[in-house]
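To start, the structure itself, in structure tokens.
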Amino acid sequence: MIPKVVVIGAGFGGLEVARGLKGAPVEVTLVDQHNFHTFQPLLYQVATAGLSPTDVAHVVRGLFHRQANVRFRQGRVTGVDWSTRTVTLDEAPDLLFDHLVLAAGATVTWFGTPGAADHAFPLYTLDDATQLRTHVLQRFEAADRDPTELERGGLTFVVVGGGPTGVETAGALAELFTMVFRKDYPNLDVARARVVLIEMQDHLLHPFTASSRRHALETLESRGVEVRLGAQVESVSEHAVTLVGGDVLPTQTLVWAAGVQANPLATALDLPQGRGGRVTVDRDLQVPGRPGAWAVGDVAAALDRRGDALPQLAPVAMQSGRHVARQIRRRIEGRPTAPFRYRDKGTMATIGRRAAVAELPGRIHLRGGLAWIAWLGLHLVTLVGPRNRASVLINWAWNYLTWDRGPRLITEGRRGARRIPNTAAPRTDTVRRHAR
Ligand SMILES: Cc1cc2nc3c(=O)[nH]c(=O)nc-3n(C[C@H](O)[C@H](O)[C@H](O)COP(=O)(O)OP(=O)(O)OC[C@H]3O[C@@H](n4cnc5c(N)ncnc54)[C@H](O)[C@@H]3O)c2cc1C
């Protein structure tokens, strides 16, 4: 019997597991609730009309035309029967497995903040990004029709979370307003639009050195972003954000870039979990007490040499995915498994046009234009699919040369209630960064 490997999630980690099993004597079924892979690091550019949704997503089936031992199944995994070694899906037949790899990623956590689940915009999926883009455009259209919207905070955009996602989003919104909306809305006083970045610590970009943090702060402020350090959101309503201490910011837009938790599927699958709901794994990334079960990427708590959980980043997911593919091969060959060792290739965050910070191995610290070019290059190389790479390159070149943005389309109506449930979890990594 050919061993069956079921991989849950076609994100960075899951794709690498499936690819790493190319030519192995196994039958791989890659399951995802979407029929596409999402390149999350560029979602903020979709949300700020820099890129189209199709630039950052790739159909999963198209990635495995040349790999005969992989098949794709679209479906939402709802549970696992460990006694029969069966995965259950919501609208598809069950799947039997010998090896099960959980690569279901992470989701937003609201830290129990009242009103956040109903009124804040998370940025985790392609839908989140297009909903935010539509909402931002709708706010400007509304203010163009009725300038009194400005008094009601219609053009105040609050971003909470001073990690890379928050910094990138705040910087990109400010650029969109000054570079593009100024021309799109000639009858509106666009200079009155505000972007406010709220961070509870006394600095931005926590994993970076003090000089990079300072550079990010100064660059954002010079581009018109109001940065409030040491501030914390107490509650959110449809028309305002209230900060701890009583300050009230009238706003209709709160972008939530403040924290993530492991996918709650880990709980449904009855797997051992630690901080942030992340699945506990052995050094080789097997789940203790569940023979043949592995966890990779954001959903797992893989440890570094010092015993600390690795950050929830794309390179960790990719490297851990490749590692598990190698371990499954070893197990099939009857060889012992090896521990996972993460190779940290540095950290990067972009702030906007010709502005970024990069801290690379060997104490090489870049900032400004050079760091920005390194950031662009890295993302182009990591993007899945040559068509996406070509399209992103053309869009970036166009945006850079013309000071314009492409897809400023209002494609959906007003959003309804938030789809992501408020599954409050213990605080986990609140910061995103680049490290490949
Ligand atoms: C806005 C944003 C910006 C980021 N920027 C950076 C960055 O600049 N640099 C960096 O290194 N990292 C960044 N990250 C983090 C990086 O994207 C993640 O670490 C990485 O995506 C984790 O990969 P993964 O495979 O574990 O999960 P994911 O890539 O999230 O993939 C999980 C997959 O599982 C699927 N899935 C979930 N639940 C189910 C289910 N029940 N049934 C079936 N399928 C399911 C999902 O549809 C998804 O396709 C960013 C993340 C976000 C949200």
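Here the Gaussian network model covers the chain, with springs between Cα atoms less than 10 Å apart; of Ser320, Ser235, Ser52, Ser235 fluctuates the most. Taking Cα atoms only, the orientation of helix 210-222 departs from the longest principal axis of the chain by about 40 degrees.
For a paramagnetic label modelled on Arg152 (point 7 Å from Cα along Cα→Cβ), amide N atoms under 14 Å away belong, within region 253-275, to 253. Ratio of Rg to Rh for region 20-100: 1.07 [Cα atoms; Kirkwood radius as inverse mean 1/r over pairs]. The calculated P(r) of the chain, using every Cα pair and 20 Å bins from 0, goes 26, 57, 17, 1 in percent.
Among Val70, Val180, Val236, whose mean-square fluctuation peaks in a Gaussian network model of the chain (Cα, cutoff 10 Å)? Comparing Val70, Val180, Val236 in a Gaussian network model of the chain, the most mobile one is Val180. Split the chain at each of the GluC sites (Glu not before Pro) in a DSSP loop with at most 11 other beta carbon atoms within 10 Å, and the longest piece is 92-237.
Compute the signed sum of charges (Lys and Arg +1, Asp and Glu -1) over the other residues within less than 11 Å, Cβ to Cβ, of Trp372.
+3
Between the helical axis of 386-402 and the longest alpha-carbon principal axis of the chain there is an angle of about 10 degrees. Computed over the chain, relative contact order equals 21 percent, with contacts defined as Cα pairs under 8 Å that lie 6+ residues apart. With coordinates expressed along the principal axes, the C-alpha atoms belonging to region 102-203 extend over 51, 32, 27 Å, beginning with the largest. Within the straight-line cut-off of under 12 Å between alpha carbons, the aspartates and glutamates reachable from Lys4 are Glu27, Asp98, sequence neighbours fewer than 8 places apart in one chain being disregarded. Length available on full extension from Ala338 to Asp270: 0.36 nm per residue minus the Cα-Cα distance, which gives 22.0 nm. What residue among Val225, Val190, Val357 shows peak mean-square fluctuation when the chain is described by a Gaussian network model with Cα springs under 10 Å? Judging by the Gaussian network model, the answer is Val190.
With protein chains left intact and a 1.4 Å probe, residues in region 50-167 average 38 Å² of accessible area per residue.
At full extension, Arg71 and Ala397 could sit 113.7 nm farther apart than now, given 0.36 nm per residue minus the alpha carbon distance.
Between the helical axis of 164-175 and the longest alpha-carbon principal axis of the chain there is an angle of about 40 degrees. With the simple spin-label model, which puts each label point 7 Å out from Cα in the Cβ direction, the Trp82 to Glu141 separation comes to 5.1 nm. What the phi angles of region 146-156 give under the Karplus curve with 6.51, -1.76 and 1.60, with θ = phi - 60°, is a coupling list of 9, x, 5, 3, 4, 5, 8, x, x, 10, 9 Hz, glycine and proline written as x.
Couplings 3J(HN,Hα) for region 347-360, derived from phi with the Karplus relation 6.51 cos²θ - 1.76 cosθ + 1.60 (θ = phi - 60°), are 10, 9, 8, 9, 10, x, 3, 6, 9, 7, 10, 9, 10, 10 Hz, where x marks Gly and Pro. Taking the 1.4 Å solvent-accessible surface of the chain as the whole, the part contributed by carbon and sulfur is 52%.
Shown here is the pair-distance distribution of region 1-160: with all Cα-Cα distances grouped in 5 Å bins from zero up to the longest one, the shares run 2, 8, 14, 15, 15, 13, 10, 8, 6, 4, 3, 2, 1, 0, 0 percent.
Converting phi to 3J(HN,Hα) with the Karplus coefficients 6.51, -1.76 and 1.60 and the offset θ = phi - 60°, region 45-54 yields 6, 5, 5, 10, 6, x, 9, 8, x, 5 Hz in sequence order, with x at every glycine or proline. The DSSP beta bridges internal to the chain are antiparallel in roughly 45% of cases. Does anything in region 168-205 have its amide N under 14 Å from the 7 Å Cα→Cβ label point of Arg353, and if so which residues? Once the point is set 7 Å along Cα→Cβ of Arg353, 171-184 turn out to lie under 14 Å by backbone N, inside region 168-205.
The C-alpha atoms of region 80-120 occupy a region whose extents along the principal axes are 42, 20, 16 Å, arranged from largest to smallest. The orientation-averaged projected area of the convex hull spanned by the Cα atoms of region 1-47 comes to 3.9 nm².
The values are calculated or read from the model by the stated rules, or taken from the named source; none is laboratory data. These figures come from a predicted structure and were not determined experimentally. As a convention, Cβ positions derive from the backbone with ideal geometry for all residues, glycine included, and neighbour counts pool all protein chains shown. Just the protein is used for accessible areas: all its heavy atoms, side chains included, with ligands, DNA and RNA removed. Shrake-Rupley method; radii C 1.70, N 1.55, O 1.52, S 1.80 Å.
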